[in-house]
Amino acid sequence: MQSNSLSTIANSQQMQNPILQAILLLAFTGLFGWFILAPKFTANDVTRTELAELKTQRQNLEADQVELNRLIAQMQTAQDDIRLVDEAVPLSSRPTKIAVLIEAYARNSALTLKQLNIDGLDEHISAGNKDLADNQFGGNRALATINVTANVSGNIEQFRNFLQLLEQSGRIIDVDSMIVSSDEEAIQFNIRLKTYAYELNTSL
Amino acid sequence: MAEINLLETQGRLNAVKEQGKRWLLRIATLIFVVALGVYGYLFFSDRSSQKQIRENRAVILQAQSDLENNRQRSELITRQGQLKSANKLLGEHLFWSGLLPELARVTLTSAQYSSIETGTEGDMFVTVTVPTYTDAEKFLQVFDLPEYNQQFSNVRVLALSQTQKDNVLQTSMRLQLILNPNLLRRQIQ
């Protein structure tokens, strides 16, 4: 009954009119464009933008990878320079190394080392750090300052040699302050030094 | 005869109208087909873009994971930080071994120093001992000469006293001086 009526409508004189057919087709095309084509176009635009961003990100990552490989190769060929940097600012602030160094400089300049204090030792692990056993370069690092106070006695020339040894030291040692005082027996030199290590950042 | 002509004209006009209607339908159909074509293009383009997005995401994740797990990268970052710190420290490094000879040159070893206190701030405190007040005056006069006050200047006498030690009179002065920071700076080789 219904198909009969539809067939009747389709076969009716009005529906056979090409103008009506064209108008209906255009109306349908308009609706199709508005409700299906335009949202698809917008979605496609969003997808393309996302794809372009991802492509840029991928290119940047690939460029980073190339740069990283170049720097790693450069690092591997610069082992002598790395040794120098490692000596200047070591990766460990182990105080015994500093004490051995200062003691050697005092001895080499014929000064008597009367006292040596190293401050701020509890902040960093000096030996047996299990976190670094797996990857010695893992973790965040920052420059750590180690304060050293030394009391030496001798003459001015010996002390000058001591200062020169500190200046020429492979490890960076800065003189923060010094007090020279003389008594009956010898001249006392109280010197405050700063040395550094590129240590694991404990504040993080 | 005239009626026959009118009928012919009417027939032609109807034929043109009919043809125009059909062309209009054809154009409408063409627009519809083009719209369908555009939709098809967008559909396949979107699918292709989605596929590329998935591929790119996988590559990016893999590359990020490779970068993060690269142990040599950790070493590189550490070495870079180490080198940067070392360069900064070397740029600020002071050379103290030149201080004492310069102080001796300026004061021409005319005095005995019983104490010298100095730091990186630029202030310097010295306690000197000379035999008489006249020697103390001469000691201070040296700092008025341009040749000698380049490294040590603005000398303030904080204390001046005379005491007898082992039957000898000694004049002591506690001085505050400004130390030229350039004296301690030297070009790193």
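Go ahead and collect, in residue order, the members of the stretch A:104-120 whose backbone nitrogen is under 20 Å from a label point 7 Å along the Cα-Cβ direction of residue A:149. The answer is A:106, A:112-120. If you take the alpha carbon atoms of chain A and fit the smallest convex hull around them, that volume is 250 Å³ per residue.
How charged is the neighbourhood of residue B:142? Take every other residue with its Cβ under 14 Å from the Cβ of residue B:142, and add Lys/Arg as +1 and Asp/Glu as -1. Its environment carries a net charge of -3. Compactness of the protein assembly as shown, taken as the C-alpha radius of gyration over 2.2 N^0.38 Å, stands at 2.12.
With all protein chains present, how much of the accessible area of the stretch A:66-204 (probe radius 1.4 Å) comes from carbon and sulfur, to the nearest whole percent? The computed percentage sits at 47. Distance from the C-alpha centroid of the stretch B:111-189 to that of the stretch B:6-48: 107 Å, rounded to the whole angstrom. Note on the stretch B:64-189: dipole from Cβ charges, positive end direction compared against B:112, B:124, B:85; the farthest Cα belongs to B:85.
In Å², and per residue, what accessible area does the stretch A:79-204 have when probed at 1.4 Å with the other protein chains present? Numbers along the way, then the final one.
Values: 6620 Å² over 126 residues.
Heavy-atom SASA per residue in the stretch A:79-204 reads 53 Å².
Residues of chain B were split at every exposed loop site, defined as GluC sites (Glu not before Pro) in a DSSP loop with at most 13 other C-beta atoms within 10 angstrom, and the longest piece left, sites excluded, is B:1-91.
Could you work out the equivalent-ellipsoid semi-axes for the stretch B:43-132, taking the square root of 5 times each eigenvalue of the Cα gyration tensor, largest first, in whole Å?
Values: eigenvalues 966, 30, 16 Å².
After diagonalising the Cα gyration tensor, the semi-axes are 70, 12, 9 Å.
For the stretch A:6-113, trypsin sites (Lys or Arg not before Pro) are listed when DSSP marks them as loop and at most 12 other Cβ atoms sit within 10 Å of their Cβ; the list is empty. Computed over the stretch B:101-181, the percent of Cα pairs more than 14 Å apart is 61. Placing unit charges on the Cβ atoms only, positive for Lys and Arg and negative for Asp and Glu, gives the stretch B:1-92 a dipole magnitude near 240 debye about its Cα centre. Springs between Cα atoms under 10 Å define the GNM used for chain A, and in it the highest mean-square fluctuation of A:149, A:29, A:47 occurs at A:29.
The calculated 222 nm mean residue ellipticity attributable to helices in chain A amounts to -17000 deg cm²/dmol, summing -39500 (n - 2.57) over DSSP H runs of n ≥ 4 and dividing by all residues.
All other residues with a Cβ under 15 Å from the Cβ of residue A:16 taken together, and with Lys, Arg as +1 and Asp, Glu as -1, what is their net charge? Mind showing how you got there, number by number?
Numbers: positive: B:17, B:21, B:22; negative: B:18.
Once positives and negatives cancel, what remains is +2.
Extension gain for the segment residue B:67 to residue B:19, taken as residue separation times 0.36 nm less the Cα-Cα distance, is 10.3 nm to one decimal. Each listed q (0.09, 0.14, 0.19 Å⁻¹) maps to a log10 I(q)/I(0) for chain B, found by the Debye formula over equal Cα scatterers with no solvent: -0.67, -0.94, -1.23.
Would the stretch A:122-204 count as rounded, prolate or oblate if I go by the C-alpha gyration tensor, calling it rounded below 1.5 in a/c and otherwise prolate when a/b exceeds b/c, oblate otherwise? Cα axes put the stretch A:122-204 in the prolate bin. Between the Cα long axis of helix B:71-91 and the first principal axis of chain B there is an angle of about 40°, rounded to the nearest 10. On association of chains A and B, roughly 5900 Å² of accessible area becomes buried (total for both chains; probe 1.4 Å). Taking 7 Å steps out from each Cα toward its Cβ at residue A:43 and residue B:29 produces label points 3.0 nm apart. Once backbone amide H atoms are built at 1.01 Å from N, residue A:114 has A:151, A:152, A:153 as its partners under 5 Å, excluding neighbours fewer than 5 places away on the same chain.
Counting only protein heavy atoms and a 1.4 Å probe, tell me what percentage of the stretch B:83-175's accessible area is made up of carbon and sulfur.
On the way: 2640 of 5200 Å².
Of all accessible area on the stretch B:83-175, carbon and sulfur atoms account for 51 percent.
Where Lys and Arg each count +1 and Asp and Glu each count -1, what net charge lies around residue B:119 among other residues with Cβ under 15 Å from its Cβ?
Details: positive: A:192, A:194; negative: A:174, A:176, B:92, B:117, B:121, B:123.
Spelling it out: positives minus negatives among the neighbours equals -4.
Here residue A:97 is the anchor, and the aspartates and glutamates within straight C-alpha reach of less than 20 Å, apart from those fewer than 8 places off in the same chain, are A:86, A:87, A:119, A:122, A:123, A:167, A:174, A:176, A:199.
Considering only B:48, B:172, B:97, the mean-square fluctuation computed in a Gaussian network model of chain B, springs between alpha carbons under 10 angstrom, is largest for B:48. Specify the residue with the greatest mean-square fluctuation among B:53, B:116, B:27, computed from a Gaussian network of chain B linking alpha-carbon atoms under 10 Å apart. Per the Cα network of chain B with a 10 Å cutoff, B:27 tops the list.
Quotient of the Cα radius of gyration of the stretch B:9-52 and 2.2 N^0.38 Å, N being its number of residues: 2.04.
Which FRET efficiency value, to the nearest 0.05, is calculated for residue B:55 and residue A:164 with the Förster distance at 51 angstrom and r the Cβ-Cβ distance?
Values: r = 64 Å, r/R0 = 1.25.
Step by step, r from the Cβ atoms, then E = 0.20.
Computed about its Cα centre, the charge dipole of the stretch B:44-130 is approximately 720 debye, with only Lys, Arg, Asp and Glu carrying charge at their Cβ.
Around the amide H of residue A:92, modelled in the peptide plane, lie the amide H atoms of A:198, all under 5 Å away and 5 or more residues distant in sequence or on another chain.
The values are calculated or read from the model by the stated rules, or taken from the named source; none is laboratory data. Owing to the predicted nature of the structure, the values given are computational and were not obtained by experimental measurement. Reconstructed Cβ throughout: ideal geometry from the backbone, glycine too, with neighbour counts over all protein chains shown. Just so you know, the surface numbers come from the protein's heavy atoms only, side chains and all, with ligands and any DNA or RNA stripped out. Shrake-Rupley method; radii C 1.70, N 1.55, O 1.52, S 1.80 Å.
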